[in-house]
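The values are calculated or read from the model by the stated rules, or taken from the named source; none is laboratory data. Keep in mind that what you see is a predicted model, and the values were worked out from it rather than measured. With ideal geometry, Cβ positions are generated from the backbone for all residues, glycine too; neighbour counts draw on all protein chains shown. All accessible areas refer to the heavy atoms of the entire protein, side chains included, with ligands and DNA or RNA removed. Shrake-Rupley method; radii C 1.70, N 1.55, O 1.52, S 1.80 Å.
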Amino acid sequence: MLPGAFDQGRSPDQAEFGTGMPAARTVTPDGDVILLVSGESAAARAAAYAQDDDLTAVIEITDVAPVSVAHRIRGRAWLAGWLTQVRGDDRAACAALLAERRPVGELLGLHGRPSYVMLRLEVGEISVDDLWGAEHVDPEELAAAEPDPMVDHETELLQHLAAAHRDRIADLCALLGPRESAGTTAVPLALDRLGLRVRFTGGGSSFDARFDFPSPVRDVCELRRAMHTLFAAAGR
């Protein structure tokens, strides 16, 4: 549990839910996290047993680079809060939100005898430790955040860049100023609307570098133009 995560005047019961991946997850406009989990999971059983009592939980999210590179974990996040089962009128609204953002077949089970259940985490504290550093995030920032337009394409794009354009990715080292680049290998590590992060390795050491796009990209077409701009600048 995160220290200080529940210092809000409550005296909730505490439970360990173990590990596992939900079938789907999304965030409501209010910043709550909706999880679709197996009805046989420890989390579902604990929430059902607690009924309307406060039950504390922590979701740990690990972000792993989808390319072959040493030290593939790009970051971790911990969302701490209070877990309840979604019931009554909220079920239809939460199922619709999940279906819109993360359509999965398991949602069909919600219309009959549910083999899957929906849980709601009311977020009280967020902590992030990633490539940019470690910090706490206000839950209101989570509620206001919009998904990055590259999130659904990042895995495929990084793997394509690593497989088909690794030499051109390595050429980006020229944009970093006077560095010894002979024998340097490069792997694209992360991609978002604002830029590309690359891990350079050579001479027994490695470092990460961030290459910002001229302007935020909104789709794959704009990304292609932004990448061409980077490659052109590196080749001058």
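Yes/no matrix, rows are residues, columns are (1) of a type in the set (A, V, I, L, M); (2) open to solvent by 60 Å² or more (accessible area, probe 1.4 Å):
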| residue | (1), (2) |
| --- | --- |
| 156 | no, yes |
| 169 | yes, no |
| 185 | no, yes |
| 196 | yes, no |
| 211 | no, no |
| 220 | yes, no |
| 234 | yes, no |
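Here are 30, 52: which of them is in contact with a Ser or Thr (Cβ under 9 Å, 6 or more places away or on another chain) and outside any strand (DSSP E or B)?
Within the list 30, 52, the selection yields 52.
Do we find that residue 142 is on the phi < 0 side of the Ramachandran plot, assigned to a helix (DSSP H, G or I) and under 13 Å from the mean Cα position of the chain (by Cα) in this structure?
So residue 142 passes the test.
Which condition from (1) modelled with pLDDT of 90 or more; (2) open to solvent by less than 30 Å² (accessible area, probe 1.4 Å); (3) of a type outside the set (S, T, N, Q); (4) not in a loop (DSSP other than H, G, I, E, B) is the one that residue 66 breaks?
(4)
Check off (1) within 25 Å of residue 27 (Cβ to Cβ); (2) open to solvent by 70 Å² or more (accessible area, probe 1.4 Å); (3) among the small types (Gly, Ala, Ser) for residue 145 and give me the number that stays unchecked.
(2)
Filter the range 70-96 down to the residues that are part of a loop (DSSP other than H, G, I, E, B) and on the phi < 0 side of the Ramachandran plot, then identify the one that is nearest to the chain's Cα centre (by Cα).
72
Before we move on, is residue 135 part of a strand (DSSP E or B) and farther than 28 Å from residue 218 by Cβ?
On the way: part of a strand (DSSP E or B): yes; farther than 28 Å from residue 218 by Cβ: no.
In short, no.
Please state which one of 34, 73, 59 is closer than 30 Å to residue 190 by Cα, at pLDDT 80 or above, open to solvent by 60 Å² or more (accessible area, probe 1.4 Å) and among the hydrophobic types (A, V, I, L, M, F, W, C).
73
Please go through (1) more than 11 Å from residue 118 (Cβ to Cβ); (2) at pLDDT below 90 for residue 22 and return the number of the only condition it doesn't satisfy.
Result: residue 22 fails condition (1) only.
Report, by residue number, each residue of the range 76-93 that is touching a residue at least 24 places away in the same chain (Cβ under 8 Å), over 30 Å from residue 187 (Cα atoms) and either surrounded by fewer than 12 Cβ atoms within 10 Å (Cβ to Cβ) or basic (Lys, Arg) (or both).
91
Just to be sure, is residue 48 modelled with pLDDT under 85 and out of contact with any helix residue (DSSP H, G or I) (no Cβ under 9 Å at 6 or more places or on another chain)?
On the way: modelled with pLDDT under 85: yes; out of contact with any helix residue (DSSP H, G or I) (no Cβ under 9 Å at 6 or more places or on another chain): yes.
Yes: the conditions hold for residue 48.
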